[in-house]
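What follows is one structure encoded as structure tokens, with my remarks underneath.
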Amino acid sequence: MTQLGLILVVDGEEVLIGEWLTTPQARASWTRSPLLVFIAEHHMRTDPYLPLVLAMLGDRALDVIARRTASSLPTPSKATAHHDRHLEASR
């Protein structure tokens, strides 16, 4: 089954993300959340180039990604502290 999707970022201020599930069904989300807008916009800018970059790096890409991922994963206490700071900043 092929799913169709849509990501629309407007002026870096809001994002609409939608998907068509079946002929009578679709769902979408809209937000002005700066973090979600940034993630969607960044995804749209970099996703088309990712296969090319991975092909250029070859097996080295997997080593770099695995090393960076392992060293950047937050511990539960760091994740909670980051989440708390984000909540405070948004108030």
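Here are a few things to note about the model shown:
- Charge dipole of segment 4-73 (Cα centre as origin; +1 on each Lys and Arg Cβ, -1 on each Asp and Glu Cβ, all else neutral): 220 debye, rounded to the nearest 20.
- With the simple model of a label 7 Å out from the Cα in the direction of the Cβ, residue 55 to residue 10 spans 3.6 nm.
- Computed extension gain for residue 22 through residue 45, at 0.36 nm per residue and net of the alpha carbon distance, reaches 5.5 nm.
- Contact order for segment 1-69, expressed relative to its length and based on alpha carbon pairs under 8 Å spaced 6+ residues apart, stands at 22 percent.
All of the numbers you see were taken from the coordinates with simple rules; none came from a lab. Quantities reported herein were computed from a predicted structural model and do not represent experimental measurements. Methodologically, a virtual Cβ is constructed for each residue, glycine included, from the backbone with ideal geometry; neighbour enumeration extends over all protein chains shown.
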